[in-house]
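The values are calculated or read from the model by the stated rules, or taken from the named source; none is laboratory data. Keep in mind the model is a prediction, meaning the values are calculated, not measured. Glycine gets a Cβ as well: all are built from the backbone with ideal geometry, and neighbour counts include every protein chain shown. What goes into the accessible areas is simple: the full protein's heavy atoms, side chains included, and nothing from ligands, DNA or RNA. Shrake-Rupley method; radii C 1.70, N 1.55, O 1.52, S 1.80 Å.
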Amino acid sequence: MDHTLIIDLLFHCMASDGHLAKEEFDCLRHICLIETDIETNEIENILSKLSTDLEEGRLDTEAFVASLRGLKIEDLEAIQLTESLIQMILTDNVVQYEEIVYFRKVCRALSITRDMIESNFPDRLGWFDTGEFLDAENQEILDFKIGKSNHC
């Protein structure tokens, strides 16, 4: 697996809610230093380019997710990427609907199944099913606070 994939995957997750929090950048750096062999300077260069692309309107999350569809990854890699996504979503202590939609799209694109989520991340199964985050009466996006947990 291309180790820059995790940077792209997590950056698009950060950007999905329209807000790039400092905690999210710190979490992304932390995950990349642990999960990849990419040097700190390279991580910063990639983040700088992605940030510029976002600022200039060139960051296309839908195209990125579509590019994931052809990837062949092992189950262990899929679990690692899913765990990293979960950490990123939780890192600012606010779960946004857009982040959950992104999570679900990535899972589908990478063929991460409901059974895999249920087996490895049972407390996040609702994210895979997404519907629990919609207000049925007027379909408003719901934000909700979460408690502190073991994430970045």
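A few remarks follow.
- Residue 95 long-range amide H proximity, modeled H, under 5 Å: 144, 146
- Loop GluC sites (Glu not before Pro), segment 41-71, which have at most 12 other Cβ atoms in a 10 Å radius of their Cβ (DSSP): 56
- Of interest is the spacing of the C-alpha centroids, which for segment 1-68 and segment 78-102 amounts to 13 Å.
- Segment 1-142: projected area of the alpha-carbon convex hull, averaged over directions, in nm²: 8.6
- 3J(HN,Hα) along segment 26-43: 4, 5, 4, 4, 4, 4, 5, 5, 7, 8, 10, 9, 6, 5, 3, 4, 5, 4 Hz, from the Karplus curve 6.51 cos²θ - 1.76 cosθ + 1.60 with θ = phi - 60°, whole Hz, x for Gly and Pro.
- Portion, in percent, of the accessible area of segment 47-121 that falls on carbon or sulfur, probe 1.4 Å: 47
- Qualifying trypsin sites (Lys or Arg not before Pro) in segment 42-93, DSSP loop, other Cβ atoms within 10 Å at most 13: 58, 69, 72
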